1. How large is log10 I(q)/I(0) at q = 0.18 Å⁻¹ when the Debye formula is applied to the Cα atoms of segment 2-121, each weighted equally and without solvent?
2. Nearest 10 degrees is fine. How inclined is helix 192-201 to the longest principal axis of the chain, computing both from alpha carbons?
3. Test of understanding: what is the full-extension gain from residue 13 to residue 161, defined as 0.36 nm times their sequence separation minus their Cα-Cα distance?
4. Within the P(r) computed for the chain, what percentage of the Cα pairs occupies the region above 20 Å?
5. Please give the calculated 222 nm ellipticity per residue for the chain, where each DSSP H segment of at least 4 residues contributes -39500 (n - 2.57) and the sum is spread over every residue; nearest 500 deg cm²/dmol?
6. Any idea what diffusion coefficient segment 127-214 gets from Stokes-Einstein, in µm²/s, Kirkwood Rh on alpha carbon pairs, 37 °C, 0.692 mPa s?
7. Counting only C-alpha contacts under 8 Å and six or more residues apart, can you give the relative contact order of the chain as a whole percent?
8. What is the angle, in °, between the Cα long axis of helix 78-87 and the longest principal axis of the Cα atoms in the chain? Nearest 10 is fine, range 0 to 90.
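Values in this text are rule-based calculations from the coordinates and carry no lab data. Keep in mind that this is a model prediction, so the values were computed, not measured.
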């Protein structure tokens, strides 16, 4: 079966995307750059296979823009973005223009894999940069144990080798982090045994906690 592209128009809400009509009816949208890259033009005749390919490219363009925006809000690990993209493959119940509840099909895994690969290629995803960001900014004023940050990064899919390297080069250390927390929590735990228990629960080594408390809680 043959189809013909009959109209291409700039979207009112997003001038970086165009609406593409096939046989007189809206069928899909594309990023402006995709129109040229894919050779889409008014009057172009396509078969079912090409139409399916263009619809998949439409999904790719829209989701890549959203994923890029997600990455630019703050640094993310590859696993975080992979999980974000996986959710987009699930079917969702949405309300159409008539107010009816319909099921919208999720994007294909092939599309999400392409997006992840491109984000990595373009350096928008870098687990080492993410680990540096996490360690240098995590509760910077409140204090956080290195052990706690280590396991947080593991949960976010960062490899042990990257975490070890970044932590070795970090300016943060257990002693300064302990001072931060002790300064804030001392009044809540007048009983030193309870304070020690609290600090150990936060991931600080017992010996380090005792050493800092025995030496006073003033900052260096």
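1. Computed log10 I(q)/I(0) values: -1.07.
2. On a 0 to 90 degree scale, this one is about 30.
3. Numbers: separation 148, 0.36 × 148 = 53.28 nm, distance 4.51 nm.
Residue separation times 0.36 nm, minus the Cα-Cα distance, leaves 48.8 nm.
4. Working: 16880 of 24090 pairs.
Within the chain, distances greater than 20 Å cover 70 percent of Cα pairs.
5. Working: 10 runs with 116 residues, N = 220.
After summing the helix terms and dividing by residue count, I get -16000 deg cm²/dmol.
6. Numbers: Rh = 13.5 Å.
Answer, rounded: 244 µm²/s.
7. Details: 254 pairs, mean separation 29.7, N = 220.
With pairs under 8 Å counted, the relative contact order is 14 percent.
8. 50 degrees
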